[in-house]
Amino acid sequence: MIKVLTIAGSDSGGGAGIQADIKTIFTLGAYPLTVICALTAQNSLGVDSILKVPPDFVVAQLDGVINDMSPHAAKTGMLFNADVLEAVARTLGRYRLPSLVVDPVILSSTGKALLKSDAVTLMREQLLPLATVVTPNLHEAGVLSGKKVSNMQEMVAAAKRIKEFGPANVIITGGHLERECVDILYDGEEFYHFGGPEIDSEHTHGSGCVFSAALATFLAMGNSVIKGAEMAHDFTRKAVSKGFRVGKGPGAVQPAI
């Protein structure tokens, strides 16, 4: 059985975070393992409150799962603050899992900060060098690169800049581009594009989590980064197209084969 570890926050609304990762990994036929770094009180209208999990307990979860279950790949999502991020990076550096996807979650879809500003530098310095792939969206790519990212030309420049921080590969997801949805992959030498027309839906909550979890799963199954990126792009497009309303606000994507 292929085992995929997600290291992220819990979404009480069920659309993103650990919950989206579990649904994605399971749907793709792998076994999900979880380490929870934060608890959120949220619904379709926004994030009301966040409770940090103590770093020592995050490490205890990591040690317990990795020592016994030997994940074939892992992904990180919401880490929330510098203490937790540093603990995760230190522990993953000790284990060096076969594949690591870093989803640099910084803001919720409703604008709530999910990563403290003082943790961004630590992410660049300690977590990105461990990554097989880092998967920022346009906003996250802008934060990591230090320059606004809103079009393809700026995506290319940001990918080159983020690659300098040490990840083996950079994928900038383009779900927020106007009139199209294009993800770009940069491996330090070549650029690869995966795209299609814009999907007209407001039910996109969890799309970034689904993409990174799917990518980690495809890598765990032995696919190359290029093939895994293509498959994760297609899987996420399908999840967005099947999105539905859950509460009073925008709904969630639906991971499905």
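The values are calculated or read from the model by the stated rules, or taken from the named source; none is laboratory data. Note that this is a predicted model, so its numbers are computed, not measured. We place every Cβ from the backbone using ideal geometry, glycine too, and count neighbours over all the protein chains shown.
Restricting attention to the range 32-50, which residues are closer than 22 Å to Gly247 by Cβ, among the hydrophobic types (A, V, I, L, M, F, W, C) and either in contact (Cβ under 8 Å) with a residue 60 or more places away in the chain or buried (at least 19 other Cβ atoms within 10 Å of the Cβ) (or both)?
Selection gives Ala38, Leu45, Val47, Ile50.
Considering only the range 193-202, I want to know if a residue exists there that is hydroxyl-bearing (Ser, Thr, Tyr), within 16 Å of Ile172 (Cβ to Cβ) and in contact with a helix residue (DSSP H, G or I) (Cβ under 7 Å, 6 or more places away or on another chain).
no
Picking from Thr24, Thr34, Thr6, which residue would you name as being part of a helix (DSSP H, G or I) and either under 22 Å from Gly228 (Cβ atoms) or not hydroxyl-bearing (Ser, Thr, Tyr) (or both)?
Thr24
Hey, among the residues in the range 114-127 that are out of contact with any Lys or Arg (no Cβ under 9 Å at 6 or more places or on another chain) and under 18 Å from Arg161 (Cβ atoms), which one's surrounded by the fewest Cβ atoms within 10 Å (Cβ to Cβ)?
Thr121
Would you mention how many residues in the range 51-82 are surrounded by 18 or more Cβ atoms within 10 Å (Cβ to Cβ), of a type outside the set (Val, Ile, Thr) and in a helix (DSSP H, G or I)?
Residues that pass the stated criteria total 4.
Go through Gly13, Gly29 for me and flag whichever is in a loop (DSSP other than H, G, I, E, B), over 13 Å from the mean Cα position of the chain (by Cα), buried (at least 16 other Cβ atoms within 10 Å of the Cβ) and not charged (D, E, K, R).
Answer to the selection: Gly13.
Only residues that are out of contact with any Asp or Glu (no Cβ under 9 Å at 6 or more places or on another chain) and acidic (Asp, Glu): list them for the range 112-171, please.
Asp118, Glu125, Glu154, Glu164 - these are the residues of the range 112-171 that are out of contact with any Asp or Glu (no Cβ under 9 Å at 6 or more places or on another chain) and acidic (Asp, Glu).
If we keep just the residues of the range 162-197 that are surrounded by fewer than 15 Cβ atoms within 10 Å (Cβ to Cβ) and charged (D, E, K, R), which is nearest to Met123 (Cα to Cα)?
By that ranking, first place goes to Glu164.
What number of residues in the range 92-114 are farther than 18 Å from Ser207 by Cβ and either at pLDDT 95 or above or assigned to a strand (DSSP E or B) (or both)?
9
Tell me whether the range 119-131 contains one or more residues that are over 24 Å from Ala252 (Cβ atoms), at pLDDT 95 or above, in contact with a strand residue (DSSP E or B) (Cβ under 6 Å, 6 or more places away or on another chain) and not in a helix (DSSP H, G or I).
yes
Within the range 134-153, how many residues turn out to be in a loop (DSSP other than H, G, I, E, B) and under 19 Å from Ala168 (Cβ atoms)?
Within the range 134-153, residues that are in a loop (DSSP other than H, G, I, E, B) and under 19 Å from Ala168 (Cβ atoms) number 2.
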